[in-house]
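Have a look at the structure below, then the notes.
Only the coordinates and a few stated rules stand behind these numbers; no lab work does. Note that the structure is predicted; figures quoted are calculated from it, not measured. Ideal geometry is used to build each Cβ from the backbone, glycine not excepted, and the neighbour counts take in all protein chains shown.
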Amino acid sequence: MAGKSAAFLHGLPLEKFGPPETVELASPKRSLMGRNGRSERHLATPGQGQRAVLIPTEFGEIWTSGLLDTCHDLGLRHSLDDAVIATEAALHTKKITWHEWCNWRAWQSEQPIRHGAQRARTAARLITRYSESPRESQLKIRFWEHGLPAPFQQVNILNEAGWTIGRVDMFFDVGLAVEYDGREKYGSTAPAIERALLQERQRENDIQARGVTLLRITAETYLSGRAIEQVSEHFHTLAARPTRPPCTLWSGGALAWS
């Protein structure tokens, strides 16, 4: 198994958040393409990563491309979203380490140019170890596509005494914080949801009282495209101000792309 099929077997999320519709196979020999719902292709020369591993399934063990090869393959042959979402999920869950990924990137940069290499290089620039959900990965791709500067991920907003009053998913240093609200964020029972909402409201009030504009994004506003428009509008409005928030207002975090 290779590509999206391998990512699915490794337990990595993809752009469409479900099993891939086509089974991708790779072989050391040249194969026909796209027969009977299968996508078969030639397996490139083994890389620095683990070329194939056995993964147990309900149908028995299946040979699957290694994690690093799988993540790189997604960048070469599939969408930018697939590559960034899957690789950042592997980093977040520590299925691969940041050190392993950086070594892999360095090794790949020395290899001959292949079809899809430009997309793979772009994906590598966008990948960090700080995205905590697939939607966060997608959000920063959309920000990059809209020409926004790289925000900082996982930033602590501080009070006047220097204590953390809340952490935000993404922060533009013009004073704009962005958060994605997933359905699972507030719990599954009514009391848990009520408590979480009250805490979230207090946290939001504390953050905005420090002069930070906080935008919340939901699945609905993301899918409609309105969320990215709002972020862009607020960013440019805040960037036009003569002053920026002091550096003592926030700490931590890392740029969303290089």
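Numbers for the structure displayed
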| item | result |
| --- | --- |
| Number of positions in the stretch 97-116 that are surrounded by 15 or more Cβ atoms within 10 Å (Cβ to Cβ) and on the phi < 0 side of the Ramachandran plot | 5 |
| Wholly enclosed strands (runs of 3 or more DSSP E) of the stretch 144-258 bearing at least 1 residues without any contact (Cβ under 8 Å) to a residue 40 or more places away in the chain | 164-172, 176-180, 213-217 |
| All positions within the stretch 131-165 that are touching a strand residue (DSSP E or B) at 6+ places or on another chain (Cβ under 9 Å) and either buried (at least 21 other Cβ atoms within 10 Å of the Cβ) or of a type in the set (Lys, Arg) (or both) | SER131, ARG135, GLU136, LEU139, LYS140, PHE143, PRO151, GLN153, VAL155, ILE157 |
| Positions within the stretch 200-230 being of a type in the set (Val, Ile, Thr) and more than 22 Å from PRO246 (Cα to Cα), in sequence order | ILE217, THR218, THR221, ILE228 |
| Residue that is nearest to THR87 (Cα to Cα) [pool: residues in the stretch 217-258 that are surrounded by 12 or more Cβ atoms within 10 Å (Cβ to Cβ) and of a type in the set (Lys, Arg)] | ARG226 |
| Residues (in contact with a Gly (Cβ under 7 Å, 6 or more places away or on another chain) and either basic (Lys, Arg) or without any contact (Cβ under 8 Å) to a residue 60 or more places away in the chain (or both)) located in the stretch 76-114 | LEU76, ARG77, ALA83, TRP104 |
| Residue tally, condition farther than 25 Å from GLY211 by Cβ and in contact with an Asp or Glu (Cβ under 9 Å, 6 or more places away or on another chain), over the stretch 136-159 | 3 |
